[in-house]
Amino acid sequence: MRPRLLLPLCSLLAAPAFAADLTVEVEIPRLDVAEYHRPYVALWLEKPDQQHVADLAVWYDLKMKDKEGEKWLKDLRQWWRRSGRGLELPADGISGATRAVGTHRLSFAGDDPRLQDLPAGEYRLVVEAAREVGGRELLRVPFSWPPQQSAHHQAQGKTELGTVTLQLNP
């Protein structure tokens, strides 16, 4: 009987004592243009030397015939070079449809595979957007992991992205 009681206790003691949450809000702005297409957007984490750490999301046209939407992912140049060309798409838990104008929230719990093994240190959230018959924009939001206290970071886009907000909670 004792081994059965000790096993759950041991697994609790082996679990990390610190699990932080990460929430990202990405604003897709309304643009006054003659021909509007929803942007393709990639979100990932990198180290300060721009080394790719983890993909958080990639939004593109998943429903095009013969996976034609994947052809245009190369327009997300930085993401494509760092990670995209090596992914088998659609990537489970990462790939999603393009988003309409508005603010979109993504939340990642500390036990998410993309965060659970993230060593303590300095990182950047990177958000890149590219739009057909439009422009391209990339924003970087620096942060420290794991957060010792709640932290709020923000970057402001100029064309293809609006406000990008990163909220960290211990």
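Every read-out reported here was derived from the displayed coordinates using simple, explicitly stated rules and does not represent laboratory data. Quantities reported herein were computed from a predicted structural model and do not represent experimental measurements. Using ideal geometry, Cβ is built from the backbone for each residue, glycine included, and neighbour counts are taken over all protein chains shown.
Which GluC sites (Glu not before Pro) in the stretch 121-168 sit in a loop by DSSP (not H, G, I, E or B) and have at most 16 other Cβ atoms within 10 Å of their own Cβ? List each step's numbers first, then the result.
Numbers: sites: GLU122, GLU128, GLU132, GLU137, GLU160; in loops: GLU132, GLU160.
Passing sites in the stretch 121-168 are GLU132.
Using alpha-carbon pairs under 8 Å, 6+ residues apart, how would you state the relative contact order of the chain in percent? Walk me through the intermediate numbers first.
Details: 329 pairs, mean separation 53.6, N = 170.
With pairs under 8 Å counted, the relative contact order is 32 percent.
Looking at the P(r) of the chain, how many percent of alpha-carbon pairs lie beyond 26 Å? Don't skip to the answer; put the middle values down first.
Numbers: 4892 of 14365 pairs.
Counting pairs separated by more than 26 Å, the tail of P(r) holds 34 percent.
Report, to the nearest 10°, how far helix 2-14 tilts away from the longest principal axis of the Cα atoms in the chain, using its own Cα long axis and a range of 0 to 90°.
Between helix and principal axis, roughly 40 degrees.
Please name which of THR159, GLY121, THR98 has its Cα lying farthest along the dipole of the stretch 18-169 towards the positive end, using unit charges on Cβ (Lys, Arg +1; Asp, Glu -1) and the Cα centre as origin.
Toward the positive end, the furthest listed residue is THR159.
Within 10 Å, at most 12 other Cβ atoms, and a DSSP state outside H, G, I, E, B define an exposed site. Report the longest part of the chain free of exposed trypsin sites (Lys or Arg not before Pro).
Values: sites that count: ARG30, LYS63, LYS158.
Maximal segment without exposed cleavage sites: 64-157.
Helix-only estimate, please: 222 nm mean residue ellipticity of the chain, summing -39500 (n - 2.57) across DSSP H runs of length 4 or more and dividing by its residues, to the nearest 500. Don't skip to the answer; put the middle values down first.
Values: 4 runs with 27 residues, N = 170.
After summing the helix terms and dividing by the residues of the chain, the value is -4000 deg cm²/dmol.
Take the chain, mark every one of the chymotrypsin sites (Phe, Trp or Tyr not before Pro) that falls in a DSSP loop and has at most 16 other Cβ within 10 Å, then report the longest stretch left between them, sites excluded.
Working: sites that count: PHE18, TYR36.
With chymotrypsin sites (Phe, Trp or Tyr not before Pro) excluded where exposed in loops, the chain gives 37-170 as its longest stretch.
Grab the other residues whose beta carbon is less than 13 angstrom from that of LEU106, score K and R as +1, D and E as -1, and report the net.
On the way: positive: ARG99, ARG105, ARG114; negative: ASP21, GLU25, GLU27, ASP55, ASP112.
Every neighbour counted, the sum reads -2.
Reachable aspartates and glutamates from LYS71, Cα under 15 Å, same-chain residues fewer than 8 places away excluded?
Straight-distance partners of LYS71: ASP61, GLU88, GLU132.
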